[in-house]
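Since the structure comes first, as structure tokens, the remarks are kept for the end.
The values are calculated or read from the model by the stated rules, or taken from the named source; none is laboratory data. Because the structure is predicted, anything quoted here is derived from the model rather than measured. Here Cβ is always computed from backbone atoms with ideal geometry, including for glycine, and neighbour counts include all displayed protein chains. Protein only, heavy atoms only, side chains kept; ligands, DNA and RNA dropped before computing areas. Shrake-Rupley method; radii C 1.70, N 1.55, O 1.52, S 1.80 Å.
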Protein chains: 2
Amino acid sequence: MLVEIVRGAMVESRHRGAFAVVDAAGKIVRSAGAVDQPVFPRSAIKPLQALPLLETGAADKYGLGAEELALACASHHGEPVHVQKVSAWLCRIGMGEGDLECGAHLPTDVPSAQALIRGSQPPSQLHNNCSGKHTGFLCTAACLGEDHRGYIEAEHPVMRRVITAVGDMTGTDMARAPAGRDGCGIPVIGLTLQAMAQGMARMADPTGLHDERRAASTRILDAMAAHPLLVDGTGGLAVEVMLVAGDQVRLKPGAEGVFCAALPKLGLGLALKIEDGAGRAAEVAVAALLDRLGCFTDDQRMALHPFLLPKIKNVAGVEVGVMRPAAAFDF
Amino acid sequence: MLVEIVRGAMVESRHRGAFAVVDAAGKIVRSAGAVDQPVFPRSAIKPLQALPLLETGAADKYGLGAEELALACASHHGEPVHVQKVSAWLCRIGMGEGDLECGAHLPTDVPSAQALIRGSQPPSQLHNNCSGKHTGFLCTAACLGEDHRGYIEAEHPVMRRVITAVGDMTGTDMARAPAGRDGCGIPVIGLTLQAMAQGMARMADPTGLHDERRAASTRILDAMAAHPLLVDGTGGLAVEVMLVAGDQVRLKPGAEGVFCAALPKLGLGLALKIEDGAGRAAEVAVAALLDRLGCFTDDQRMALHPFLLPKIKNVAGVEVGVMRPAAAFDF
């Protein structure tokens, strides 16, 4: 059991799951549950998926800075800052919103969503939380003079590079792993939590990587730490953790209760999956895990307290419960 | 395991839980998981909580019809029809929105929520999904000349009647059961799934109840069948099931993955809880359970197919997976 939802005198709901904390060699430092079963990593491995953006030379050719690299790793909340910067980046590579193939959804950020609704404006593909990642994909096609149409398909050169990089970094035979389609249209390929964590550990401790990949890994993680808001959105756990402890943690959520993190100072990576896919539980679990791993000072723990032990309030604002880490974190 | 979330070639997430199908005597007809552990029933027992509205004489004194009784059992979606009818009912008992103590939240119904946002109108307590239940509570206080202020507190006569009725119908010692506070402010008291299901079974097969309660149970269940939309909201599972098979099923969801149902033709009640609290899984599970219990004809099953095997589509509208009942329903 990873997380308990407490209301009044009782645990009302319970979330199971598994996690792996792994070093760059793949050695498990800490784990719970089945870490050798495939899990769809969803958006939690965007930092790995961003490697070709640097390794193709696209980032240098188009003069991308840390902001664009952070957006390439983002599940952003569709706030004006995200939309404007992705739009400007698309413009820089001679493309526009219509070249994206991620689809449109309302911003995750509530005020931004409400602003669109008030203006009777439908959301665009720029508001899609994956628009930065997709712009990074398009950027590699532009750099190499490829026809970018259909870039979300597994057979397209853009996606082949992404899949190869993730396979290399996680030691996974991608052709044999179970596959599906992600929310934003690209392939999702099942990786074990141990493999995902190792991929993140190799970014965190890139000493064993070839020069180009070592440099790419460092630039990506540095960009996430430099611009947490661009990776996530206002009030998000990943933003708050990286604002408070960005020197220790690069944190990335994925749909269906997944988190990955790179811990450069410890030279470790971690991957976590809530069995039932609940984001609320993934947040409490990953916060507890980072805390237990010693990623936070006392002051940082105080600052992150609302995420470590989130209160549950009812409609009238009365505190009626709490979400708390369960026995799996008693170490 | 009750429900599997499938994406592409793999089960991506899994939902555990328990259910009990019970007759009016409390005999378990079918069950899975731990049905003897306390669960917070949340809104799933609103039909039981509505009994005092009839038994105090309030329903007759104020000339309430099936519409008001349906609203008293509702977790409505805050659509204009719900708001107007609750408002008119409050007016009829000489009260107004300000007498409610449930708090305000945006309508569950998306178009209704967006209409408020577009008009820059904050939601009122009338939009709270529990406003009908609360108006029923206020109605009993008005009928008996009680000071209604504080009616959401366990010690208030209004709530004492509600708690006593639920305890009687479910055979639960309410004073010793674990307690907390519900989303709308009233007490939540832990009941076993077996007890919840028995309470619903006694409404479905009220032959063993005293005359007054038998009449009240029948009127409440008849009202739910007559006005499914008032009990729930446009597109909701409970609405669709009762529109299609209202002669067989009276269905009520509760927060944190709970469902209760009364099955008058079978003389049975059922209660279900998803361990992790996920509503998506509770819907798939209860639909599967009703189907396995023979509540649907072939035509009805066809009509309810979108709820029995809900498709998962991605942002671009591509079908990427399905939610399906798991092994617990292989009977």
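Below, the figures for the structure above:
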quantity: Restricting the stretch A:299-320 to residues that are over 29 Å from B:Q125 (Cα atoms) and not hydrophobic (A, V, I, L, M, F, W, C), the residue that is nearest to the other protein chains (Cβ to nearest Cβ); calculated: A:H305
quantity: Given (1) more than 10 Å from chain A (Cβ to nearest Cβ); (2) open to solvent by less than 50 Å² (accessible area, probe 1.4 Å), index of the condition B:L144 fails; calculated: (2)
quantity: Test: residue in the stretch A:293-301 that is within 20 Å of A:I45 (Cβ to Cβ) and among the aliphatic types (A, V, I, L, M); calculated: yes
quantity: Among the candidates B:S13, B:S43, residue that is hydroxyl-bearing (S, T, Y) and over 26 Å from B:R92 (Cβ atoms); calculated: B:S13
quantity: Filter result for A:R149 (more than 14 Å from chain B (Cβ to nearest Cβ), part of a helix (DSSP H, G or I), surrounded by fewer than 24 Cβ atoms within 10 Å (Cβ to Cβ) and not acidic (D, E)); calculated: no
quantity: Subset of the stretch A:1-35 (residues that are within 17 Å of A:L191 (Cα to Cα) and of a type in the set (K, R)); calculated: A:K27
quantity: Some residue of the stretch A:154-164 being surrounded by fewer than 17 Cβ atoms within 10 Å (Cβ to Cβ), part of a loop (DSSP other than H, G, I, E, B), within 13 Å of another protein chain (Cβ to nearest Cβ) and hydrophobic (A, V, I, L, M, F, W, C); calculated: yes
quantity: All positions within the stretch A:84-121 that are open to solvent by 30 Å² or more (accessible area, probe 1.4 Å), more than 26 Å from A:I220 (Cα to Cα), among the hydroxyl-bearing types (S, T, Y) and not in a loop (DSSP other than H, G, I, E, B); calculated: none
quantity: Filter result (in contact with a strand residue (DSSP E or B) (Cβ under 9 Å, 6 or more places away or on another chain), in contact (Cβ under 8 Å) with a residue 24 or more places away in the chain and closer than 22 Å to B:A195 by Cβ) within the stretch B:123-171; calculated: B:A154, B:M159, B:V162, B:I163, B:V166, B:T170
quantity: Answer from B:A261, B:A216, B:A204, B:A226 - the residue that is in contact with a Leu (Cβ under 6 Å, 6 or more places away or on another chain) and either under 13 Å from B:A70 (Cα atoms) or at pLDDT below 95 (or both); calculated: B:A216
quantity: Filter result (small (G, A, S) and either in contact (Cβ under 8 Å) with a residue 40 or more places away in the chain or on the phi < 0 side of the Ramachandran plot (or both)) within the stretch A:61-80; calculated: A:G65, A:A66, A:A70, A:A72, A:A74, A:S75, A:G78
quantity: Yes/no for A:R324 being surrounded by fewer than 21 Cβ atoms within 10 Å (Cβ to Cβ) and part of a helix (DSSP H, G or I); calculated: no
quantity: Complete set of residues in the stretch A:31-68 that are farther than 30 Å from B:E256 by Cα and touching a Phe, Trp or Tyr at 6+ places or on another chain (Cβ under 7 Å); calculated: A:E68
quantity: Strands (runs of 3 or more DSSP E) lying entirely in the stretch B:1-73 (those with 1 or more residues that are within 14 Å of another protein chain (Cβ to nearest Cβ)); calculated: B:3-7, B:10-15, B:17-23
quantity: Residues that are within 14 Å of another protein chain (Cβ to nearest Cβ) and either surrounded by fewer than 23 Cβ atoms within 10 Å (Cβ to Cβ) or not in a helix (DSSP H, G or I) (or both), drawn from the stretch A:285-298; calculated: none
quantity: Selection within the stretch B:84-120 - aliphatic (A, V, I, L, M), more than 10 Å from chain A (Cβ to nearest Cβ) and in contact with a Leu (Cβ under 6 Å, 6 or more places away or on another chain); calculated: B:V86, B:M95
quantity: Any hit, the stretch A:122-133, residues being surrounded by fewer than 22 Cβ atoms within 10 Å (Cβ to Cβ) and not in a loop (DSSP other than H, G, I, E, B); calculated: no
